[in-house]
1. Would you mention how many residues in the stretch A:22-61 are within 23 Å of A:A169 (Cβ to Cβ) and in a helix (DSSP H, G or I)?
2. Return the residues of the stretch B:85-117 that are over 20 Å from B:S187 (Cβ atoms) and of a type in the set (A, V, I, L, M); say none if nothing qualifies.
3. Just to verify a result, which residue in the stretch B:31-49, among those that are under 20 Å from the mean Cα position of the chain (by Cα) and hydrophobic (A, V, I, L, M, F, W, C), is surrounded by the fewest Cβ atoms within 10 Å (Cβ to Cβ)?
4. Using the structure shown, decide if B:R261 is free of Cβ contacts under 8 Å to residues at least 60 places away in the same chain and not assigned by TED's automatic domain parsing to the domain that holds B:L189.
5. Among residues belonging to the stretch B:247-286 that are aromatic (F, W, Y) and either touching a Phe, Trp or Tyr at 6+ places or on another chain (Cβ under 8 Å) or within 24 Å of A:E254 (Cα to Cα) (or both), point out the one that is surrounded by the fewest Cβ atoms within 10 Å (Cβ to Cβ).
6. Is it fair to say A:S210 is under 28 Å from B:M174 (Cβ atoms) and free of Cβ contacts under 8 Å to residues at least 12 places away in the same chain?
7. Of the residues in the stretch B:52-79, how many are buried (at least 23 other Cβ atoms within 10 Å of the Cβ) and either under 21 Å from B:I145 (Cβ atoms) or at pLDDT below 95 (or both)?
There are 2 protein chains.
Amino acid sequence: MLPFARVTIIGLGLIGSSIARAVRQHMPSARVTGFDADPAVRETALRIALCDDVADTAGTSVIDADLVILCVPVGAMGAAAAGIAADLPADAIVSDVGSCKESVVEAVRTALPDATFVPAHPVAGTENSGPEAGFASLFHGRWCIVTPVAGTDALAVERVREFWKRLGAEVETMAPDHHDRVLAVTSHLPHLIAYTIVGTASDMEEVTQSEVIKYSAGGFRDFTRIAASDPTMWRDVFLANKEAVLDMLQRFSEDLTALQRAIRWGKGDELFELFTRTRAIRRSIIEQGQDDAAPDFGRTHD
Amino acid sequence: MLPFARVTIIGLGLIGSSIARAVRQHMPSARVTGFDADPAVRETALRIALCDDVADTAGTSVIDADLVILCVPVGAMGAAAAGIAADLPADAIVSDVGSCKESVVEAVRTALPDATFVPAHPVAGTENSGPEAGFASLFHGRWCIVTPVAGTDALAVERVREFWKRLGAEVETMAPDHHDRVLAVTSHLPHLIAYTIVGTASDMEEVTQSEVIKYSAGGFRDFTRIAASDPTMWRDVFLANKEAVLDMLQRFSEDLTALQRAIRWGKGDELFELFTRTRAIRRSIIEQGQDDAAPDFGRTHD
């Protein structure tokens, strides 16, 4: 049995359009309706036949949905939820894909106080954006974290979990606030650091930007990938998960200061000890199938 | 005409063993002799037939070489140079592959005051180490920076440049001190930041290490690749290029503090402006062939 038969996706960017493609691949009998606030994106979605239907308004897109997934930047979740409030069927389940959960839970529950809302976050993506950047296998082998709040109907949670399993994801359940702490470490802080270092490197006076680009294979280019992620999405994440991000940032800064001091005082043993420890983490990530075992991320070398 | 006919490689790790393979592929008539201070590495090199000869001592490895390339951690360059001083032919050219140049120039010139030394740095690598990690195409399309000091024989410099071009690299010439500033930005600072954030993430109390690994696809895993690089090599780099690294680190910290403040005060426009600017750098790196155009570094998604 399909967990859902009529899926509506609000927001047809990288994640929304990947869900559309993945539903068609893994649950071909389910109907997919799409909506995006941007008329140009709706046009593209129509042109590439992304969904069975592309609705002209958010309201009409949900009229007979049994699952509505909000795939917009976290700062736009409240407005997206408000936009469907008048037309949402009473038995539809609402979910989302936001990268932080406490703020989204609050925004959606305010806009849709009577809806069954099962927040979720597929931890997957690429640096590309828009309806043409998505692909059906994006969630294969990745984790989707479901963060139901107390009192949410258990069957609704189970159906959302089953939906993500069908798309090829592994599913985990977590409280929204714990999610926000975990993702602050594994996703938000890394993005913040990547954006910062790319900014720092492009602001040098004596080292030209063309030199930074030419010699980026020394390590810098790795950071430019996530620093090419969608600016709106990430601005919203940092503003929405402020406390956890600032806390992780504080810890990172302390550790960086310690390392800076070790370099200044020539404490090679401290550096060596850290560099040996960090190597083991990479091994675990590869062993657990969360990254490519090929050297250099499997980049082509010829 | 071959730039060199008898190449000796001292240090058979990732870079040394890649040079051996690349010389065999691109200059098959040149003879390659290898030496490594570690007997286990010499044994592996023999077993996999990496070179034409593997010498038992550094001295015998250089006896009739016309090019000797030092491929050891930058902190070991002085000792490696001293180890060949008694046996180096007068007309041999000595080069190296060190990631910082001022300290290496000083160490090698002290150990080999009369040798013709042409320092070089191929900006290429992977996170793997050792004689089995190398491959012939590692330098294809990457830059090799040659940093001759004033008074170096122009023909010797030209032969080293030609050698690297034959291995598939693009070659640039630069003063050693400028090299060290440029690489502090494009390579040393990124490695330092990656090592730090991987350390920070693995030291959390409330977020377990298994959670960090499970949800690493949110961005964190990108940093673990370069944080898996050789600990000895990188300890030496930070100690040898201390001033430039500390200076870049200071700039990075200032920029990070500014971003931290923008988050604390909810200044979304500042975040958005930076995140838009950093996106353009990625595009330039791809346009100039210094990274894979495929999303997510070309990682497999199924």
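1. 6
2. Those that are over 20 Å from B:S187 (Cβ atoms) and of a type in the set (A, V, I, L, M): B:A85, B:A86, B:L88, B:A90, B:A92, B:I93, B:V94, B:V108, B:A111, B:L112, B:A115.
3. B:A37
4. Spelling it out, it is not the case that B:R261 is free of Cβ contacts under 8 Å to residues at least 60 places away in the same chain and not assigned by TED's automatic domain parsing to the domain that holds B:L189.
5. The extreme case among them is B:W265.
6. It is true that A:S210 is under 28 Å from B:M174 (Cβ atoms) and free of Cβ contacts under 8 Å to residues at least 12 places away in the same chain.
7. Qualifying residue count for the region: 8.
Every residue, every condition in (1) out of contact with any helix residue (DSSP H, G or I) (no Cβ under 9 Å at 6 or more places or on another chain); (2) closer than 19 Å to A:A194 by Cβ; (3) outside the structural domain of B:G125 (by TED's automatic domain parsing), yes or no:
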| position | (1), (2), (3) |
| --- | --- |
| B:G219 | no, yes, yes |
| B:T224 | no, yes, yes |
| B:L249 | no, yes, yes |
| B:F275 | no, yes, yes |
| B:Q288 | no, no, yes |
| B:D302 | yes, no, yes |
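The values are calculated or read from the model by the stated rules, or taken from the named source; none is laboratory data. Owing to the predicted nature of the structure, the values given are computational and were not obtained by experimental measurement. Note that each Cβ is placed from the backbone with ideal geometry, even for glycine, and that neighbours are counted across all protein chains shown.
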